[in-house]
Each structure stands twice: as structure tokens, then as C-alpha cells.
1. Which of rounded, prolate or oblate describes segment 62-124 when judged by the alpha-carbon gyration tensor and an a/c cut-off of 1.5?
2. With a 10 Å cut-off between alpha carbons and a GNM built on the chain, which of 69, 103, 114 moves the most?
3. What's the FRET efficiency of residue 81 with residue 43 using the Cβ-Cβ distance as r and R₀ = 41 Å, to the nearest 0.05?
4. Using a ≥ b ≥ c from the Cα gyration tensor of segment 1-69 (square roots of the eigenvalues), is it rounded, prolate or oblate, where a/c under 1.5 gives rounded and otherwise the larger of a/b and b/c decides, a/b for prolate?
5. Would you mind checking segment 42-67 for residues with the amide N under 13 Å from a putative spin-label position 7 Å along Cα→C-beta of residue 119?
6. Restricting to Cα pairs below 8 Å that are 6+ residues apart, what does the relative contact order work out to for segment 59-140? Please round to a whole percent.
7. Tell me, what is the percent relative contact order of the chain, built from C-alpha pairs under 8 Å that lie six or more residues apart?
8. Rank the residues 62, 38, 29 as a footprinting-exposure proxy: fewest other Cβ atoms within 10 Å of their Cβ go first.
């Protein structure tokens, strides 16, 4: 016995408002990191500060993660649009699986977003240690 969810043409369309908010959040993260990178570049060129260098390493990884999560989200949106087309042409089973792939891609994007958030927290700890004048303990993952 096969149980397959019936996807209507409005099912993937329900995600479009959420996706726009998601992309706004991703774009804001990217812009904030771009600004911080420019600031750190200036600080490092003037001071050769160890903490600034550690921040740059963190920012490089975060930029890669943000680009990856944006790509997964875009592929998820494309799958949602394809799902609407497949439903329109009466290809229900294919539409259901395409919608499932789209949802998985969006979930992957959100999981990568959580990973980037954890790295962001580590970067803030580096800043706080610099302010406190304490030793830096960075855990490699």
C-alpha cells in the first residue's frame, strides 16, 4: 500500500512568503559579514592584531556557509515552482516527490544557517577575549 500526499497547486505557493523572509535574513547576514570583513581588514592592516586574524578566518568560513545556504534555498524554491507546474500538468506523483526534494533543500539551508550561527557565536567569543585581554582558546571542528 502506497501512501502519497496529494499536493495541490497552492501547497508550494504557501511557502513563498516564508522564503522571502528567509532570503531577507540571509542577505542581512551576508551584508553584516561583508561590513565586518572590511572593518577587520582595516584593523589588521594597521595593527597586525592576532584577534583580527582569527576573526577573518571565522568570517571566511561563514561567508562560504551563507553562500551554500542561499544556494540550497534557491534550489528549494525552484523545486516548489516546478511542483506547481507538475501539478498543473497532472503529474501528481512527480509533483509530490519534487515538493519533497524542495522541502529537504530548504531544511538543509536552515540547518546550515544554524551551523553558521554557532560559528558566529565563536567569533563573538574571540572579540570578548580580546576585550578582556585573556588567552584565546579556539576549538577546531
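1. On the way: a/c = 5.93, a/b = 3.50, b/c = 1.70.
Note, shape of segment 62-124 comes out prolate.
2. Of 69, 103, 114, the most mobile in the Gaussian network model is 114.
3. Values: r = 44 Å, r/R0 = 1.06.
Approximately 0.40, to the nearest 0.05.
4. On the way: a/c = 7.96, a/b = 3.06, b/c = 2.60.
It comes out prolate by the Cα gyration axes.
5. Counting backbone N atoms under 13 Å from the label point, the list is 55-67.
6. On the way: 58 pairs, mean separation 28.8, N = 82.
For segment 59-140, the relative contact order is 35 percent.
7. On the way: 113 pairs, mean separation 43.1, N = 141.
Over the chain, the number comes to 31 percent.
8. Details: 62 23, 38 10, 29 20.
Ranking 62, 38, 29 by Cβ neighbours within 10 Å, fewest first, gives 38, 29, 62.
Read-outs throughout are calculated quantities, based only on the coordinates presented, and are distinct from any laboratory measurement. For clarity, every value in this text was computed on a predicted model and none was experimentally measured. In this analysis, Cβ positions are derived from the backbone assuming ideal geometry, glycine residues included, and neighbour counts consider all displayed protein chains.
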